[in-house]
Structure formats: C-alpha cells, structure tokens
1. Just one of the numbered conditions (1) within 16 Å of ligand 1 (Cβ to nearest atom); (2) within 30 Å of S169 (Cα to Cα); (3) not aromatic (F, W, Y) is not true of L317; which one?
2. What number of residues within the range 79-116 are of a type in the set (G, A, S) and touching a Ser or Thr at 6+ places or on another chain (Cβ under 6 Å)?
3. Considering only residues that are without any contact (Cβ under 8 Å) to a residue 40 or more places away in the chain and within 6 Å of ligand 2 (Cβ to nearest atom), which ones fall in the range 317-334?
4. When residues of the range 271-280 are filtered for being surrounded by fewer than 19 Cβ atoms within 10 Å (Cβ to Cβ) and within 20 Å of N202 (Cβ to Cβ), how many remain?
5. Could you check the range 147-196 for strands (runs of 3 or more DSSP E) lying wholly inside it with 2 or more residues that are aromatic (F, W, Y)?
6. Could you list, in sequence order, all residues of the range 119-151 that are buried (at least 20 other Cβ atoms within 10 Å of the Cβ) and either at pLDDT below 95 or within 16 Å of ligand 1 (Cβ to nearest atom) (or both)?
7. Output the residue which, of all residues in the range 258-313 that are among the acidic types (D, E) and touching a residue at least 60 places away in the same chain (Cβ under 8 Å), is nearest to A116 (Cα to Cα).
8. Quick check on this structure: which one of T85, T50 is in contact with a helix residue (DSSP H, G or I) (Cβ under 9 Å, 6 or more places away or on another chain), more than 16 Å from ligand 2 (Cβ to nearest atom) and not aliphatic (A, V, I, L, M)?
Amino acid sequence: MLKEVKSIAYDLGVESKKSPMKDPADGDFSLSDGSAALDRGVKAFVPWATYANVGEWNFHSAGNDPARLIDEHWYMTPYYYVRDTYYRNPQFPLTGVNFTKANYVAGPLEDWTKGACTFNWQDQYAVCPNAQLNRSLVIPIKFRWDKSGQKETRTVAGKDFKSPQIYDSNFLIEAYFKTVPGHTKGILCQKIGHAGYSLSVNRSGGITFAVRGEKTSASVRSAVAVNDGNWHHVIAECDRGARKLVLYLNGRKNSTAPGIGGSVSLFNSSDLYVGGTPDRGCFHGTFEFLRISLGTLKDAKTDIGELYAWEFDGPFLYDFSGNKPRGKRDAGALEKVD
Ligand SMILES: [Ca+2]
Ligand SMILES: [Ca+2]
C-alpha cells in the first residue's frame, strides 16, 4: 500500500521548523532569509482565451503513460448541462506513437513538469482517431421540478458535436514549437482527406496553412522561415466572412491570402495528426503547446497583440506585487527581492 501511495505522490514538499515568511502575524508576508519557500515555486503556462476551444494539448504526458497526451480544452457547449457530469464530456487526447518517457523535455513555457515533447522525424507522431472527433452524444434532459414526469433525451451529432472536425465555421490553430535547424516538410497538425486542413513546415522551412473543400482549396505561406532551431509562436486563422487565411508569427501578422467562404465544409473522415502521419511528414523538433478553436481572434474579441502580450508577458509570470522571479519562482504570493 505504501509503495502504491509513493508512486502517486512522490514529492510531498519540504518541512521547515522556521517560518518561511518574515512576520506574517504582523502582516509581513515577504520571505525570510533562508526561507524554505525560496525557489520552490513553479512556472505554469496560462493561454489567453480563444473562441470555442475544442482541443488544447500542453505536451506533458498523462503521468502514468508516455503515449497519452491529455487534452485540456474547455468549451461550454449546450451539452455541458449537468455540472456533476462535466468530466464525462468528450476530450480529445492524442496518442503518441512510439513515444517513451525520453520524449519529454523541459520547455520554456512551464517548469512544474517536463512540459515539451520531442518528435524524432523517423517514426513518431501523435494521433486522435476520427471516431473520437466525429461522435454523437445522447443527453438526458431531466427536470428537477418534476422528477417522475417529464423526461426527454436530446442527440448531439454532426456539427453540434464540437471537436477539431471543422465543418463550415471559422477556426484557428495555435502552436508553439521549435524545429531542429534546417528541418523541412514536417507536419505540425492536420486533419485532411478529400477535404480538411493542414499546418506544416514547408520545403523552404516556412509555414504553410492549407484548407481544402470538395471543390475549392486555399493556402497561405509565411514570409519567413521558422526552421532555425528557435522557439516560434504561430497562429493560423481561417476567416470565412472575410474569405481570408492569416498567419501570425511571434506576435505579429506575417502573411495573408485569399481563403474560403462559409459554404465550404472541411468535413473529412481522416484522423487528426500532430507531428507526422504513419507514412509521411514526420516532424523533427519539439512541441510545447497546440490548440484548435472554432473561431478567429476577432470572434474571441481579442487580437494578436493582446494574446501574445498575455501569453509571453502575462501576470502569471510575475509575483502578486508585479516582481519578476529571481532565479526560479519562489513558493507563495511574493518573490523574495530583498
Ligand atoms: Ca507545454
Ligand atoms: Ca526565486
């Protein structure tokens, strides 16, 4: 039994006989010299909210299985109906094919765990099967004021089932990644068959975002290369109303191209792939973050400047007084700065 408990919570923190704070009884919560809280805090990543987020992967494993990359998206659809059952609503974890613990490494966005995942360009990719993205749900509707009487069920299917399956809506893909220097022709994220979408590192080392319907297709390429071994933040946006595809790179609009209108469905029966597929396009580099949302930045009533400022210079990167961490973040509200 003890062994089992240890395997769940292997780090229970530290014990100190001395107060970690200077004089909390008199309202001074700053850290004492030699405090046990020094450098024992963590850095976490807090993404800025997007509209209708349907998939969010932070690239740390589930903990007990290096092949399971959990999805942490939250989108309060109409079928988030009974609070007690939220946890049963669909999430879209990725399965890392040929992944081991060695794939997980430290990344720049978070340090509470190994928060980034490497892809080897050979035989590794991550996948969420179409069967999980293209389901139907039967929701029982129960009326609290009439427990014995009125009962009904509602079926959620097709485009009412919200997932990275894109029908005729706006959408965006956000990724934070780095390639091995010189890498070309690697898939970042795609769900594409006869129709669908893909985001990839192209043969010039730039980014290509492509969408395809039954009869029409469109794509946009970044104006610069990203395969230099540095971390890059990309948002690829498909705006139906404006009929535009937009690529934002490292916090700025980088390029735009004519897109597709609202009558073009991207529905397809392919699986969702990240970092490669079974037969082609394996990515060589490291992922820190990826998400897919069924709306543009404008739909989320935000813009690239606001999103980028939050994610890379937001208040979660400072203490409660606005001080930057000295070295590693200290535990508690206040960083020791004296
Ligand atoms: Ca991460
Ligand atoms: Ca510190």
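The values are calculated or read from the model by the stated rules, or taken from the named source; none is laboratory data. Everything quoted here is computed from the prediction, not taken from an experiment. Neighbour counts run over all protein chains shown; Cβ positions are idealised from the backbone, glycine included.
1. Answer for L317: the failing condition is (2).
2. 1
3. Going through the range 317-334, the residues without any contact (Cβ under 8 Å) to a residue 40 or more places away in the chain turn out to be 318-324, 326.
The answer is R326, and nothing else.
4. Adding up the residues that qualify gives 3.
5. 171-179
6. Passing the criteria: F119, A126.
7. Going through the range 258-313, the residues among the acidic types (D, E) turn out to be 271, 279, 288, 299, 303, 306, 311, 313.
Then drop every residue that is not touching a residue at least 60 places away in the same chain (Cβ under 8 Å), which leaves 271, 288, 299, 306, 311.
Values: D271: 23, E288: 4, D299: 29, E306: 24, E311: 16 Å.
If we take residues in the range 258-313 being among the acidic types (D, E) and touching a residue at least 60 places away in the same chain (Cβ under 8 Å), then E288 is nearest to A116 (Cα to Cα).
8. Just one listed residue meets the conditions, T50.
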